[in-house]
Amino acid sequence: MTLTDLLEKKCLPGVTALPPAEVDTLLALIDTWHLADGKIVRAFDCKNYYDTLSFINAIAYVIHAEDHHPELVVTYNRCIVKFDTHSVNDGRGGLSINDFVCAAKIDAIFQQSFS
């Protein structure tokens, strides 16, 4: 799988948790993200509060269209995005391909419009 493959994928319902080796492989494709507490996480630094809110609005379309919603932590000039999939592992959560698809798409938005 390549970064282009991730960007072209759509999130699907009923996905399963990824094994650790596959998580590592996919994480290498989106190397600005890291694992923390069972989630993939990235902090996006913005110029000011308006820029931070503009970024959130820009990613809202993708999040809604993919029907895969992250945890967002918003401060004056930073948005921390955390993805995991609550429905895998019999509802205990974990990481699925959907997390990496959305992370790649959010990275592309940030790169194109906010960096």
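The values are calculated or read from the model by the stated rules, or taken from the named source; none is laboratory data. Computed from a predicted structure; not experimentally measured. Quick reminder, even Gly has a Cβ in these numbers, built from the backbone with ideal geometry, and neighbours come from all protein chains shown.
Asp67 fulfils the conditions (1) closer than 20 Å to Glu8 by Cα; (2) surrounded by 15 or more Cβ atoms within 10 Å (Cβ to Cβ) except for a single criterion, (2). State whether one or more residues within region 37-58 are acidic (Asp, Glu), in contact with a strand residue (DSSP E or B) (Cβ under 9 Å, 6 or more places away or on another chain), outside any helix (DSSP H, G or I) and farther than 23 Å from Lys9 by Cα. Yes.
Answer yes or no as to whether Ile56 is in contact (Cβ under 8 Å) with a residue 24 or more places away in the chain and surrounded by 12 or more Cβ atoms within 10 Å (Cβ to Cβ). No, not satisfied.
Restricting region 35-53 to residues that are in contact (Cβ under 8 Å) with a residue 40 or more places away in the chain and among the hydrophobic types (A, V, I, L, M, F, W, C) leaves a set whose member that is nearest to Ile109 (Cα to Cα) is Phe44. A search for C-beta distances below 7 Å between a residue of region 96-115 that is modelled with pLDDT under 95 and any residue that is crowded, with 20+ Cβ neighbours inside 10 Å, counting only pairs 6+ apart in sequence or on different chains, returns Phe114/Cys46; Phe114/Phe55. Please go through region 12-38 and pick out each residue that is closer than 19 Å to Gly91 by Cα, touching a helix residue (DSSP H, G or I) at 6+ places or on another chain (Cβ under 8 Å) and surrounded by 14 or more Cβ atoms within 10 Å (Cβ to Cβ). Across region 12-38, the qualifying residues are Val15, Leu18. Checking the structure you have, find out if any residue of region 77-91 is in a helix (DSSP H, G or I), under 15 Å from the mean Cα position of the chain (by Cα), among the aromatic types (Phe, Trp, Tyr) and surrounded by 12 or more Cβ atoms within 10 Å (Cβ to Cβ). No, the conditions are met nowhere in region 77-91.
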